[in-house]
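The values are calculated or read from the model by the stated rules, or taken from the named source; none is laboratory data. What you are looking at is a predicted structure, and each value in this text was computed from that prediction instead of being measured. Note: ideal-geometry Cβ built from the backbone for every residue, glycine included; neighbour counts use all protein chains shown.
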Amino acid sequence: MKTLAAPSVGLSATAAPPRAKAWPGRLAARFWAVFARLGVTARLRLVLFVLLVPPPAALLYVLESRAGADVSQAAALWLVLSLVLLKPLASMVSRWVALGEIASLNAFCAALRRGEYARRLPLPPQGDDEHELLLLKRDLNWMAHNFETREIWLQARLTETHQDKRLFEDLSRTDALTGLSNRRHFDCVLAEQTRQALACRTQLALLLIDCDAFKSINDRFGHPAGDAVLAGMGRVLRESVRDGVDRAFRLGGDEFALVLPNLDGAGALLVARRIRQRYCDENPYKTTASIGIACLDPDQDAACPEKSLLARCDAALYRVKGGGGDSEALAPAAGAAC
């Protein structure tokens with residue numbers, strides 16, 4: 001009578017359960033975690049114990065079983081010497097073994113010196129009783145953390161300082177009443193624009209604007225009224241120029257200026273008339289404005305372009321003022337620049 005074999009159930013003989021596969025790895029990881037917590041001297045004691053004690057102990061056992069008295073005495077002496085010399089040998093050899101750890105610390109310090117403050121030494125979870133080398137690594141990581149935090153704080157302060165610097169620079173170039181650029185900035189912009197226009201052979205127009213009868217407004221209605229008139233002129237100038245191209249300035253008192261790149265005399269006259277009309281229509285005292293216009297002339301203005309252009313424009317303004325104001329005048333040019 002044949003006996004039927006029962007069908008195999010479950011895993012095959014070659015397939016190990018997942019937990020059976022995992023426990024050696026967990027055991028090795030736990031061993032190295034415990035080993036990492038040991039100090040250098042403790043590690044060496046463990047290594048030397050494994051290397052020195054078991055071999056003579058095994059030899060002694062074998063010899064005793066075979067009654068080899070002389071050899072057994074030598075092996076016993078070797079075992080005793082190994083136990084006696086274990087601690088001093090571990091202390092001496094620890095200097096050599098620690099060089100590996102010191103190399104990693106040197107690499108870490110070199111990274112900090114290069115400014116890599118986000119770098120950290122790998123460490124196990126903190127325990128109660130840790131050896132000096134592990135404590136040193138934790139201190140170095142904490143130091144790197146402090147460096148990183150300090151650098152972030154310094155970068156924030158530096159950014160804030162740059163922002164404050166730009167703000168103060170803007171304030172130093174801006175007229176507080178009108179919001180236009182001031183005379184100091186006007187001198188820089190005019191010099192830059194004239195040099196650029198001469199180098200590129202492009203046109204450049206300058207307008208000098210003076211509020212007529214401004215002193216009488218201050219005398220009759222007070223300085224707040226005069227400030228309102230000046231602020232109104234600043235608003236008219238800002239709204240009458242090309243954004244990002246033309247520049248408006250308050251030179252001081254009731255005198256203003258416009259720098260108009262790539263604009264000829266005819267275009268500058270149209271801008272001047274538009275400004276005069278808007279200023280008269282929008283200010284409550286119906287005062288007028290006088291405007292002098294000059295265009296950059298490569299022949300007349302080559303030696304000192306910004307000063308020559310400003311002088312010719314100022315002369316045109318005084319001609320208008322001498323004629324009663326409320327008009328504009330274009331300074332004559334020797335060439336065809338205007």
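Some points to look at:
- Cross-chain or 6+ apart pairs with Cβ under 7 Å, region 214-232 first and in the same structural domain as Y285 (by TED's automatic domain parsing), then among the charged types (D, E, K, R) and surrounded by fewer than 17 Cβ atoms within 10 Å (Cβ to Cβ): G232/E282
- Near pairs, Cβ below 9 angstrom, 6+ apart or cross-chain, from region 239-265 (within 12 Å of A294 (Cα to Cα)) to any residue that is among the hydroxyl-bearing types (S, T, Y) and in a strand (DSSP E or B): none
- Condition check for R45: assigned to a helix (DSSP H, G or I) and either at pLDDT 65 or above or of a type in the set (A, V, I, L, M) (or both): yes
- Answer residue from region 202-246, given it is among the polar types (S, T, N, Q) and assigned to a helix (DSSP H, G or I) and is surrounded by the fewest Cβ atoms within 10 Å (Cβ to Cβ) among those: S216
- Restricting region 141-182 to residues that are hydrophobic (A, V, I, L, M, F, W, C) and in contact with a Lys or Arg (Cβ under 9 Å, 6 or more places away or on another chain), the residue that is farthest from S240 (Cα to Cα): A144
- Qualifying residue in region 256-275 (condition: touching a Pro at 6+ places or on another chain (Cβ under 9 Å), assigned to a strand (DSSP E or B) and not aliphatic (A, V, I, L, M)): no
Conditions (1) closer than 18 Å to L190 by Cβ; (2) at pLDDT 95 or above, marked per residue:
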| site | (1), (2) |
| --- | --- |
| L206 | yes, yes |
| S216 | no, no |
| D219 | no, no |
| H223 | no, no |
| G244 | yes, no |
| D254 | no, no |
| Y285 | no, no |
| G292 | yes, yes |
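- First in region 310-328 and closer than 15 Å to D297 by Cα, second anywhere and part of a helix (DSSP H, G or I), Cβ under 8 Å, 6 or more apart: L310/L190
- Pairing each residue of region 165-187 that is within 13 Å of A248 (Cβ to Cβ) and surrounded by 11 or more Cβ atoms within 10 Å (Cβ to Cβ) with any residue that is at pLDDT below 85 and not hydroxyl-bearing (S, T, Y), provided the two are 6+ apart or on different chains, yields C-beta distances under 8 Å for S181/R173; N182/R173; H185/R173.
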